[in-house]
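Let me begin by presenting the structure, written as structure tokens, before commenting on it.
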Amino acid sequence: MSSNNIILTGFMGSGKSTIGRRLAKELDTYFLDTDILIETFENMKISDIFEKFGEEKFREMEKRCFEWIKKDVQNTVISVGGGFPVFIPEIKEAGVVIYLKVSFEDILKRMNEKEIEKRPLFKDIQKAKELFEYRNKIYEKLADYIIINNDLNKAIATIKEILCK
Ligand code: S3P
């Protein structure tokens with residue numbers, strides 16, 4: 001199946017879901033968030049999945065999600081979890097990959113206690129920073145386009161411009 005999905009990647013807190021939802025609305029298409037999909041499937045919060053089953057099991061769930069997307073999803077804006085492209089480098093097989101790039105300092109500013117609580121891999125800030133530095137290279141390597149997300153409206157406008165080309 002030829003995929004014309006738009007896949008948003010980026011570190012935790014980079015705005016993938018917010019932008020994805022808005023973009024889908026503006027493009028009059030569908031929106032899907034892999035974390036929400038997994039939570040719905042399992043009827044559990046991501047943080048509970050990590051606690052009860054561990055990260056490895058969560059990555060398996062993401063892989064299953066990817067297989068389904070690749071096979072059955074089209075015309076959809078897809079926001080994926082921060083680790084998704086790291087563990088599934090063949091992500092491009094499911095659509096055009098856009099990396100929403102934000103500095104770690106800006107991500108920290110956006111994160112409040114509730115947002116950190118939802119994300120097991122953000123609880124230790126020092127470790128999260130190291131993870132960010134490691135992953136940034138992977139996000140860049142796997143992206144068809146890199147968008148700096150300092151301003152929501154500008155980021156959406158730039159993505160729309162790219163897609164119309
Ligand atoms: C993760 C990011 C989270 C979620 C899980 C693991 C990661 O999604 O998938 O907590 O490995 O970076 P967001 O990027 O939407 O926070």
Mind checking which residues of region 35-50 are farther than 20 Å from Gly15 by Cα and buried (at least 19 other Cβ atoms within 10 Å of the Cβ)? Ile49
Has region 9-30 got any residue that is in a strand (DSSP E or B), within 13 Å of the chain's Cα centre (by Cα) and either within 14 Å of the ligand (Cβ to nearest atom) or of a type in the set (Gly, Ala, Ser) (or both)? yes
Go over the candidates Glu133, Glu93, Glu115 one by one and state the one that is modelled with pLDDT under 95, touching a helix residue (DSSP H, G or I) at 6+ places or on another chain (Cβ under 9 Å) and within 30 Å of Met44 (Cα to Cα). Glu115
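In region 51-86, how many are surrounded by fewer than 17 Cβ atoms within 10 Å (Cβ to Cβ), over 20 Å from Thr29 (Cα atoms) and in contact (Cβ under 8 Å) with a residue 24 or more places away in the chain? Even if it seems obvious, please write down each step before you answer.
Just the residues of region 51-86 that are surrounded by fewer than 17 Cβ atoms within 10 Å (Cβ to Cβ), to begin with: 51-57, 59-60, 63-64, 67-68, 71-72, 74-75.
Filter once more, so that each one left must be over 20 Å from Thr29 (Cα atoms): 51-57, 59-60, 63-64, 67.
Remaining after also requiring in contact (Cβ under 8 Å) with a residue 24 or more places away in the chain: 51, 55, 59, 63.
So the answer is 4.
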So Ala94 ticks every box in (1) more than 10 Å from the ligand (Cβ to nearest atom); (2) of a type in the set (A, V, I, L, M); (3) over 21 Å from Asp151 (Cα atoms); (4) over 16 Å from the mean Cα position of the chain (by Cα) but one. Which box is left unticked? (4)
Filter region 148-165 for residues that are of a type in the set (A, V, I, L, M) and closer than 13 Å to Arg22 by Cβ and give the result. Leu152, Ala155, Ile156, Ala157, Ile159
Identify all residues within region 129-158 that are over 16 Å from the mean Cα position of the chain (by Cα) and closer than 14 Å to Gly13 by Cβ; write none if there are none. Lys129, Asn150
All conditions in (1) outside any helix (DSSP H, G or I); (2) without any contact (Cβ under 8 Å) to a residue 60 or more places away in the chain are true of Lys109 except (1)
Find the residue count for region 31-64, including only residues that are closer than 14 Å to Arg119 by Cα and outside any helix (DSSP H, G or I). 3
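The values are calculated or read from the model by the stated rules, or taken from the named source; none is laboratory data. Please read these numbers as outputs of a predicted model, since none were measured by experiment. When we count neighbours, we look across all protein chains shown, and the Cβ atoms used for this are built from the backbone with ideal geometry, even at glycine.
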